[in-house]
Amino acid sequence: MPRRPKPEETKQTLLDHFWQIYCDKKIDRITVREITDAAGFNRGTFYVYFTDVYDALRTIEEAIIPDEAEFEQMMKLHHEGIDFYTSMEHFTSFYETHGDKLRVLLGPNGDPTFAHRLKDRMRHYLLYYSASELAELSVQDRLKMEYIVEAEMASRLGMLTLWFSRGKDLTLEQFHQLTYSLTRNGSLRTSAELYDKSKKQDS
């Protein structure tokens, strides 16, 4: 007698088959029947775990967005002064776990709300864990810091989206080196360094 799958296994199987379909089809054209037929379950099984196809998508997205514990660890490393190689290790691990899904979600046929929710969650955590530092600033400077946070998040997300849309035309390490340099040095200094490097190579 075949082993009956555990509930978490059934749920993951449904998610896996939903994702395979979602990669090639817009969500408003995906049916529950299509998912369950591919997964080998009846429609009722799907509704044990999800309310609809959008709920299945949201479940996948929530697994990508860092939770409070993950972000707390990220902030700890930030305060300790994370170096490039440690930062590269964390980025590589995150990419290897979620890269294929991010490519689809941030692509032209992905979920337009995903990027907004990712930014909102990251903004919330960043401001929450920086509360003691922000409290030392004046009201106006706290407002300015919120704009700085927004600019940093928009930059990172925009670069990631462009990288995926171009088929990852930079290597993983090149891409991370660029984002790391922008965070540390800003866009003007990073651009100037690229021009200086190019002139030295030409001379």
Residues in region 96-103: is at least one at pLDDT 90 or above, acidic (Asp, Glu) and surrounded by 12 or more Cβ atoms within 10 Å (Cβ to Cβ)? yes
Select from region 148-203 the residues that are on the phi > 0 side of the Ramachandran plot and among the small types (Gly, Ala, Ser) and write down the one among them that is nearest to the chain's Cα centre (by Cα). Gly167
Region 45-67 residues that are part of a helix (DSSP H, G or I), paired with ones that are surrounded by 13 or more Cβ atoms within 10 Å (Cβ to Cβ) and among the basic types (Lys, Arg) (beta carbon under 7 Å, 6 or more apart): Tyr49/Lys11; Ile60/Lys101; Ile64/Lys101
Looking for something on the phi < 0 side of the Ramachandran plot, touching a residue at least 40 places away in the same chain (Cβ under 8 Å) and not in a helix (DSSP H, G or I) - is there at least one such residue anywhere in region 91-107? yes
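Which helices (runs of 4 or more DSSP H) sit wholly inside region 121-203 and have at least 3 residues that are open to solvent by less than 80 Å² (accessible area, probe 1.4 Å) and among the polar types (S, T, N, Q)? Before the answer, list the steps.
Working: elements: 131-134, 139-165, 172-202.
Those helices (runs of 4 or more DSSP H) span 172-202.
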May I ask you to list the residues in region 53-87 that are polar (S, T, N, Q) and either modelled with pLDDT under 75 or on the phi > 0 side of the Ramachandran plot (or both)? Gln73
Say we look at region 108-119 and pick out the residues that are open to solvent by 80 Å² or more (accessible area, probe 1.4 Å) and part of a helix (DSSP H, G or I); which of these is farthest from Phe18 (Cα to Cα)? His116
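Among the residues of region 8-34, which ones are over 25 Å from the mean Cα position of the chain (by Cα), open to solvent by less than 80 Å² (accessible area, probe 1.4 Å) and not hydroxyl-bearing (Ser, Thr, Tyr)?
We begin by selecting, within region 8-34, every residue over 25 Å from the mean Cα position of the chain (by Cα); these are 10, 31-34.
Narrowing the set further to residues that are open to solvent by less than 80 Å² (accessible area, probe 1.4 Å) leaves 10, 31-32, 34.
Residues satisfying the conditions are Val32, Glu34.
The values are calculated or read from the model by the stated rules, or taken from the named source; none is laboratory data. These numbers come from a predicted model, not from an experiment. Positions of Cβ are generated from backbone atoms using ideal geometry, with glycine treated the same way; all protein chains shown enter the neighbour counts. Please note that ligands, DNA and RNA were not included when accessible areas were found on the heavy atoms of the full protein model with its side chains. Shrake-Rupley method; radii C 1.70, N 1.55, O 1.52, S 1.80 Å.
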